[in-house]
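Working notes, structure below.
The values are calculated or read from the model by the stated rules, or taken from the named source; none is laboratory data. All values reported here derive from a predicted model rather than from experimental measurement. Reconstructed Cβ throughout: ideal geometry from the backbone, glycine too, with neighbour counts over all protein chains shown. SASA here: full protein model, heavy atoms, side chains in, ligands and nucleic acids out. Shrake-Rupley method; radii C 1.70, N 1.55, O 1.52, S 1.80 Å.
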Amino acid sequence: MSDLFLHNARLIDPDAKTETLGALTIRNGKIVEVHSGDVKPPEGIEAIDCNGKHLAPGIVDIGVKIGEPGERHKESFRTAGAAAAAGGVTTMATRPDTIPALDSPETLEFVARRANEAAPVNVLPMAALTKGRNGAEMVEIGFMRDAGAIAFSDCDNVITDNKVFSRALTYARSLGALVIAHPQDPILSKGAAVTSGKFASLRGLPAVSPMAERMGLERDLALVELTGACYHADTLSTAAALPALRRAKETGLDVTAGVSIHHLTLNEFDVGDYRTFFKVKPPLRSEDDRLAMVDAVASGLIDIISSMHTPQDEESKRLPFQEAASGAVALETLLPAALRLVHAELIDLPTLWAALSLNPANRLGLASGRLAENAPADLVLFDLNAPFVLDRFSLKSKSKNTPFDGQRMQGKVRATFVAGKQVYGAD
């Protein structure tokens, strides 16, 4: 690892909540000094002039779907790693909803080995909470942690047996393990393609009420209160769920919540004439719900913004809306889409970076996500105002199912560094 001096940069420090002109000295993959002002490069060290662009901690993305093992035709660690680097994502916490599920130390070790071989960014695999993600028998949480599991989740396979879920939460708490859940009532939401309301009725599509999310979250929080577990809700999307989250935090429960970039920047009307690239899980919500999510991020009630990167091939998307697979790729669009909130003056850069980097790093127990001495030199350099029109075929992800295809966006990654090594540079 070579030593670096990055100067003439607008430093975004989410911990100090500041945006200032400064420079960073990097040695052996770590930040060793943070400089204020226009500092000249010292002799004997490689210097990079950031030309007044913004320099921030690399994004820590919780909930990335990779197709290995089982669905490598949708996404591999190599393509996902390249997409992450191009998107300023320096750490991916990957989901266990693979084929087979990551429910044994052997499969987890295989994933970790493949990721380290193929991806230029940090990859931290989650493990399933129950065997086969079937909600019946919990995995060996202790062995899985020893094998490198960063957290435990059955993803969108909601555990319906409260006894099984409470036992898993209790066991996870005893080992200090983080449980990540998908708040949703599985009966109400079964088969739903959109959010209930006039738009869904006019389109004749099966719909789910936002109350299904509130009911799922209320159930989860009650079991967290019972067990004292460390809990993270992967994606909240409705205003109806926020009071329960607020009460849980006020009573001191160890809970955090996330929101996907799609639920912050899109609404139910974007589905338009059955455009399946806009079919995600949970479904896109009303504009009032979207604005409520933005306000919750700005206030800190919602802690984390994630891509919820879910690659799907053309065959699974080019179907009638009800039958099409849910999900969108977002590793490369996460940053420019999030910057829409900054350009609209709904959120400032330090607050945005707390949700993109600092808070997810803290939740996973990582030292990254901050500009501080001895922190890993995982960084993203970006041009806040660079305009472009997104072409999905230019994405580095193997799958191209993005709802932002053809949209005008503003904000480009210029360089990405992992442990002080540049893993991406814009042409």
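Quick look at the values:
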item: Cβ-Cβ under 6 Å pairs, at least 6 apart or on other chains, segment 352-375 side under 14 Å from I59 (Cβ atoms), far side in a loop (DSSP other than H, G, I, E, B) and of a type in the set (A, V, I, L, M); result: L364/I150
item: Tally of residues being without any contact (Cβ under 8 Å) to a residue 60 or more places away in the chain, open to solvent by 20 Å² or more (accessible area, probe 1.4 Å) and under 21 Å from the mean Cα position of the chain (by Cα) across segment 255-280; result: 1
item: Matching option when the condition is farther than 30 Å from K396 by Cα, open to solvent by 60 Å² or more (accessible area, probe 1.4 Å) and of a type outside the set (K, R), among N116, N134; result: N134
item: Sole exception among (1) assigned to a loop (DSSP other than H, G, I, E, B); (2) under 28 Å from L242 (Cβ atoms) for A136, by number; result: (2)
item: Close pairs (8 angstrom Cβ cut-off, 6 or more residues apart or separate chains): within 11 Å of C155 (Cα to Cα) in segment 121-134, of a type in the set (F, W, Y) and at pLDDT 95 or above anywhere; result: M126/F152; A127/F152; A128/F152; L129/F152
item: Residues being at negative phi and either open to solvent by 50 Å² or more (accessible area, probe 1.4 Å) or without any contact (Cβ under 8 Å) to a residue 60 or more places away in the chain (or both) - total across segment 393-409; result: 7
item: Long-range neighbours under 6 Å by Cβ, at least six apart or interchain, first residue within 21 Å of P206 (Cβ to Cβ) within segment 281-294, second among the hydrophobic types (A, V, I, L, M, F, W, C) and open to solvent by 20 Å² or more (accessible area, probe 1.4 Å); result: D289/A239
item: Sole exception among (1) touching a residue at least 12 places away in the same chain (Cβ under 8 Å); (2) out of contact with any helix residue (DSSP H, G or I) (no Cβ under 8 Å at 6 or more places or on another chain); (3) within 24 Å of D234 (Cα to Cα) for A415, by number; result: (3)
item: Boolean, P120 is under 26 Å from F277 (Cβ atoms) and under 22 Å from the mean Cα position of the chain (by Cα); result: no
item: Single condition P376 does not satisfy, out of (1) touching a His at 6+ places or on another chain (Cβ under 8 Å); (2) within 30 Å of E46 (Cβ to Cβ); result: (1)
item: Qualifying residues in segment 155-206 (those that are over 25 Å from the mean Cα position of the chain (by Cα) and small (G, A, S)) - the one most open to solvent (accessible area, probe 1.4 Å); result: S201
